[in-house]
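In what follows, a single structure is set out as structure tokens and then discussed.
The values are calculated or read from the model by the stated rules, or taken from the named source; none is laboratory data. Everything numeric here is computed off the predicted structure, so don't read it as measured data. Methodologically, a virtual Cβ is constructed for each residue, glycine included, from the backbone with ideal geometry; neighbour enumeration extends over all protein chains shown.
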Amino acid sequence: MIRLDATAAFSRAVELSTRGRRSILGITGAPGAGKSTYVEALTAELIGQGHQVALIPMDGYHLAQAALEQLGLADVKGAPHTFDAAGFVALLKRLREDGAETVWAPKFDRELEDSIAASIPVPAEVTLVVTEGNYLLLDQGPWATVRTLLDECWYIELDDDVRHARLDARHRLHGRSVEEAHERTFGSDERNAQLIEATAPAADAVLYLS
């Protein structure tokens, strides 16, 4: 496994986008590691330089909030079994086919705390799909297929203290009390983080964000 800085990572993404066929790049890491912020900046820079890139977050495959409540899973939202992993795999397979039609992907709306179907278009001319999420390297159930559908997967590292502070602030921003935010950050989020960190050795590269 290699370590990348931002410059090397960008060059590697450019290479993936210019292979003459569609590539899929995965970005994973623990909750609060900065995956979303990084991939949004990476995608914007690539598009700004003329590359045909689409960003498809894994979070679009969250089970609906109503379904989580019905199943008694609302308190562990974000755990592997609270996603439609098989649906995510099916999308990646469609994207790998590189067909002539636009593929539509769902998007997770953080204001609604729910997914919205068919929100993100991936036109046929897109040569690089960037997907980010917690469980891209998880070797359990349907998740185990994800890694086989990615050309590369990078793992983002961040100091735990910074990551915890970001998660706590995020939870309070979305309406949780100080106590609720702390419990979520060091409860279910941290259990998920430990599971995700165990998958890091399967990554092609590690990218450290400060």
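Couple of notes before you dig in:
Results for (1) in contact (Cβ under 8 Å) with a residue 40 or more places away in the chain; (2) within 19 Å of H171 (Cα to Cα); (3) crowded, with 18+ Cβ neighbours inside 10 Å; (4) touching a His at 6+ places or on another chain (Cβ under 9 Å), shown as yes or no for each residue.
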residue: L16; (1), (2), (3), (4): yes, no, yes, no
residue: R19; (1), (2), (3), (4): yes, no, no, no
residue: E40; (1), (2), (3), (4): no, no, no, no
residue: L46; (1), (2), (3), (4): yes, no, yes, no
residue: Y61; (1), (2), (3), (4): yes, no, yes, no
residue: L73; (1), (2), (3), (4): no, yes, no, yes
residue: F83; (1), (2), (3), (4): yes, no, yes, yes
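- Residues in region 170-210 that are over 13 Å from G32 (Cβ atoms), modelled with pLDDT of 95 or more, surrounded by 15 or more Cβ atoms within 10 Å (Cβ to Cβ) and not small (G, A, S): L195, T199, D204, V206, L207.
- Matching residues, region 128-146, being surrounded by 18 or more Cβ atoms within 10 Å (Cβ to Cβ) and either out of contact with any Gly (no Cβ under 6 Å at 6 or more places or on another chain) or within 21 Å of A44 (Cα to Cα) (or both): L128, V129, V130, T131, E132, G133, N134, Y135, L137, L138, W143, V146
- Residue in region 161-183 that is in a loop (DSSP other than H, G, I, E, B) and either in contact with a His (Cβ under 6 Å, 6 or more places away or on another chain) or touching a residue at least 24 places away in the same chain (Cβ under 8 Å) (or both) present: yes
- Pick from region 30-64, criterion out of contact with any Ser or Thr (no Cβ under 6 Å at 6 or more places or on another chain) and β-branched (V, I, T), ranking: modelled with the lowest pLDDT: T37
- A33 being touching a residue at least 40 places away in the same chain (Cβ under 8 Å) and more than 18 Å from A118 (Cβ to Cβ): yes
- Single match in T82, T127 (criterion: under 22 Å from F10 (Cα atoms), in contact with a helix residue (DSSP H, G or I) (Cβ under 9 Å, 6 or more places away or on another chain) and among the polar types (S, T, N, Q)): T127
- Residue count, region 109-148 (criterion: touching a strand residue (DSSP E or B) at 6+ places or on another chain (Cβ under 9 Å), without any contact (Cβ under 8 Å) to a residue 40 or more places away in the chain and charged (D, E, K, R)): 1
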